[in-house]
Structures are given as C-alpha cells and as structure tokens.
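The values are calculated or read from the model by the stated rules, or taken from the named source; none is laboratory data. Computed from a predicted model, the values in this text were never measured in an experiment. With ideal geometry, Cβ positions are generated from the backbone for all residues, glycine too; neighbour counts draw on all protein chains shown. All accessible areas refer to the heavy atoms of the entire protein, side chains included, with ligands and DNA or RNA removed. Shrake-Rupley method; radii C 1.70, N 1.55, O 1.52, S 1.80 Å.
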Amino acid sequence: MRIAVERAGFEAQANELFHIVKLFFEEVELLDEPAVEAELRVRAEVRDLEDGQRLESHVRLTVQETGEVYESRHDRAMDLKEGGRKRTVKRGVEFGLLQVLREYTGMEQAWGILTGVRPTKLMHNMMMKRDLESCKQVLRDEYLVTEPKVELLAGIAERQLRVIPDLFHLDREVSVYIGIPFCPTKCAYCTFPAYDIRGNGAVDGFLEGLHYEIREMGRWMRETGVSITTIYWGGGTPTSITAEQMEALFVTLHESFPAMDRVRELTVEAGRPDTITEDKIRVMQRWNVDRISINPQSFTQATLDTIGRHHTVTETLEKFKLAREMGMNNINMDLIIGLPNEGMKELQLTLDRTAELMPESLTVHTLSFKRASRMTKNKDDYEVAEREEIMEMIRTAADWTEKMGYVPYYMYRQKNILGNQENVGYSLEGYESLYNILMMEERQTIIGLGCGAVSKINYPKVEQEDGYEQRIERFPNPKDPALYNQSYKEYIDKKIRLLNEAYLAPAEA
C-alpha cells in the first residue's frame, strides 16, 4: 500500500503514523509525493476555550482509484503537564487514523492504538491512581482497545499483584539474568544470542568471563546491601553446557551472591530437550532450582525440522517424563502459534500432547517475524497461516487453557507479530514465574550477566501522568562470545558505574 501523507499543525514523525498504518497492511510505504493508491491528510489544531485548551484532529483518507473518502474528526482536552502536549496530539492523531483505516479496510484491531510491547505496564501505571473500572474505561475510550483485550489486561494486572503484593516496592532490590549464548542449533525464527556449541572454541573463555562477572557483581551487591529477588538462566540454551560446567557456575553463584537462601525464585531454561540429561537435572536439584522450561514449540515433527529445532517429538516427551520422574515439579513449556505450514490441525495436536503432560505453566507465543532472523530474511521460503486463521488459533488456545485450569499471568507484544496479537503466559495456581512478571513490568533493575544479556537499570521513581515511571537505562553485553571474551571487564566497570548512579546517589542526596 503506497500512501501519500500530508501533515499539518503537529510534529508527529512519519514513523508514529506508520506504526498504525502497518497494523492494517502487510506492505506499506508512507511518501511525501503523490501516491498510487491513497492520499492521507492529517491535521491537528489546539484551540483555546473557556474551560481550557482542546485538541481538534482531522484525519482524511482519499482512495485515488475510486475517489472514496474516509474521515474522522476528534477532539479531546489537552494535557498541560510536561510532555503532555506532544502525548495528547500523538494519541488524538492515532485515534482518528485508526478509526479511518478500520472503516476503510473493515478490519478490527483488538489492541486499538496500543502498539507498545508492555500494555500491562500501562495498566499498572493507571491502577496506581485510578480504580479498576476507570482504568478499563480509559482503555476502551482513549486507546480503542476491544473488550476481550481490556478484560485480559485487567485480569493479568490483578493477578500479578496477588502473586507479588510488593510489586511496586521492589525497586531497591534486583533480579539477575544469566545469558548462556549457546545452542545445539539455531532456530529459524530466533534472534537471541544462540551460537552452535559444537566445536565452539569460545566456550571456555566465555565461562571464564561469566565466573568473573558473577563474582564482581556479587561483590557490588554485598558492598551496597542490595538483595536479589529472582535469578533466571536464559540464552541460548543454558543446558547446552556440560553438567560439570553448570555445577561450577552454581558454586560461584553461591559463593558470590548475598543471601541466596532469600532468593524467591531460581529458573533454568532447559529449553531444548536434546540438551537435557540426568546429570544436569541432578545438578539443578542439588542447587535448589525452582523452575525449568522444556520447550517443544510444536508437537509436529515436520515443523520442528523446518524451523531447525533438531530434536524429535519423542525426545520432548521422554525428557519431560524424565524431569518429572526425577522430582522436577515446576515445569514450563513454550508453544508457538503460526509456525510455518501449521494450521488448526497441527495446533490441536500440540494442545492434545500438552494436555498429556500438564506442565505447571506455559507461554503461548504468536510467531513474530523478527528483523534479523533467518525466517525473516528468507520469508518466501516459509508459508504461514492467514490473519483470520491465526486469530482462530489464538482463540482456540485461550479456550483450551481455560478448560485445563490455566490462567493468564503475564503478557507482552512484539513488532511484526502475526495478526497483531500477543504472547501470553499461563499457569496453574501458584506456579506463576516471578521473574517473567518483574522483567516484563520493569518494576526493578534486571542485572544481565553473560553474552547478549541486557541490564535494565531502574532509577528512582518519578511521578508521571498515570502513576509512577522510572528512568530505565539499557546496557547490553556483547552478543558475540569472542567479543565478550575480549571486553567483559570493561563492560562490568561501565555497568557498576551505572548501578552506583542509580542506587548510591539517592542515598547521598
């Protein structure tokens, strides 16, 4: 879809309009010159009235071939707080644009004008200043979110506060993410740090650096009195390394980190079934790992072969049963809706197999074409379901989870996600992942250790329009193991300087 855009009276960038238009068209170009298919005029004007300033926005779409016109006029009160003018104009223009495109295409956008990754964070911010019903009405009226998504958001936000009652008061603690950047093979949809571990000469050097990073960050935590809420091993696939290497890391963790007995949750993603062994499960049990992930993604073997998983369906079933027999009583599984060549039949098979196993939690992802993935770079080689079928598959999965006793407890969205949908974490009662909630809601600092791990450092709270916000400083470690091995000491020093700025400066003020 090629659209010529004319803007007047506001400073919104073209990409802000693009995010809304992209919800309706798979391929879209916004141009300054006359376009082949449509012309879009967007006007925003602020007027002074007796009861204050109001924004008037007018969005008009003209289809060149037919001359059809679709338009929306909308007005709302201006927010006069710092940054409020820009925010009001942005929302007003997006509101009108969504209405126009919805009428033109006949397509409903369940999330309205919300295009961000963390809608539950918005919900929590509003809940800090409003009652729940008022928050839900804002989502309906201001953001055009449909009723099912409003109820999903409200239910998740309420449950998170039951699971972590002090969710808004953990900003002086931290959680720790440990990134192990190796896998047996790399999946076609993956953009995480995941390097083939077979014959990889960087493994020993990486582990040496990770041990050093754990010791240095442990020293910082002890010196500053900062405690740990949760620890999460991710990657890559942490169980790609040997049982002996895992054991050595756990020893260093317990020697270095303060008050390990008070950590609320310790998770290890044993995501690839082909990396799980009895020895590794024994190591995790010995060090009191609370929760592991065994991720099938799909129970159709042809799909696993297509996406490069290189493990079998039988292997997934066997390793899950092995973990159960050895006493692992909190297992998560990841499923992906919309994988190549999969439709309702394949999804139903996956759900039936999952019902046989009954993991304590599962995350139902909708496939996202991530920019750097092999699947995105070779998109024509992978046939995926159409939008309507994707939506039906998501409804089927949601109905199935409810029937099986799972309840949604966290969610997030991604760019280029099929059908403009979402990823939802479900669990049985009492088996919610605390780390997933804390990481997604950004209520405390996450210290990232290892390859590709991103630290998110939260600075002291500042009151904002809807609740409280924090300055969050992202600080990524190098993704490439060879680069990490060369520079981890330099990155540790920079990270400690940022942490000192966030944690020590307020105490000195």
Item checked: Meets criteria (modelled with pLDDT of 95 or more and out of contact with any His (no Cβ under 8 Å at 6 or more places or on another chain)) for Ile417 -> no
Counting only residues that are at pLDDT below 90, polar (S, T, N, Q) and buried (at least 18 other Cβ atoms within 10 Å of the Cβ), the stretch 368-404 contains a total of 2
Of the residues in the stretch 64-80, those that are under 38 Å from the mean Cα position of the chain (by Cα) and open to solvent by 80 Å² or more (accessible area, probe 1.4 Å) number 3
Residues in the stretch 104-123 that are open to solvent by less than 20 Å² (accessible area, probe 1.4 Å) and over 16 Å from Glu151 (Cβ atoms) total 2
Heads up, the helices (runs of 4 or more DSSP H) in the stretch 246-337 (entirely inside) with at least 1 residues that are without any contact (Cβ under 8 Å) to a residue 60 or more places away in the chain, more than 18 Å from Asp352 (Cβ to Cβ) and of a type in the set (Val, Ile, Thr) are 278-286
*asked:* One residue is enough: does the stretch 23-36 have a residue meeting the conditions of a type in the set (Val, Ile, Thr), open to solvent by 80 Å² or more (accessible area, probe 1.4 Å) and at pLDDT below 90?
replied: yes
Expected single match for surrounded by fewer than 20 Cβ atoms within 10 Å (Cβ to Cβ), farther than 17 Å from Leu438 by Cα and either among the basic types (Lys, Arg) or in contact with a strand residue (DSSP E or B) (Cβ under 9 Å, 6 or more places away or on another chain) (or both) among Ala270, Ala259 is Ala259
From the option list Lys456, Lys489, single residue qualifying as open to solvent by 60 Å² or more (accessible area, probe 1.4 Å) and modelled with pLDDT of 90 or more is Lys489
Q.
When you scan the stretch 411-428, do you find a residue that is among the polar types (S, T, N, Q), open to solvent by 30 Å² or more (accessible area, probe 1.4 Å) and without any contact (Cβ under 8 Å) to a residue 60 or more places away in the chain, even just one?
A. yes
Restricting the stretch 298-339 to residues that are over 26 Å from the mean Cα position of the chain (by Cα) and of a type in the set (Asp, Glu), the one surrounded by the most Cβ atoms within 10 Å (Cβ to Cβ) turns out to be Glu315
Open item on the list: Would you confirm, using the coordinates I've provided, whether Gly419 is in contact with a Leu (Cβ under 7 Å, 6 or more places away or on another chain) and small (Gly, Ala, Ser)?
Closed with: no
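Of the residues Trp220, Trp233, which is closer than 13 Å to Gly450 by Cβ, open to solvent by less than 20 Å² (accessible area, probe 1.4 Å) and modelled with pLDDT of 95 or more?
Trp233
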Within the stretch 8-22, restricting to residues that are part of a helix (DSSP H, G or I) and of a type in the set (A, V, I, L, M, F, W, C), the one that is modelled with the lowest pLDDT is Ala14
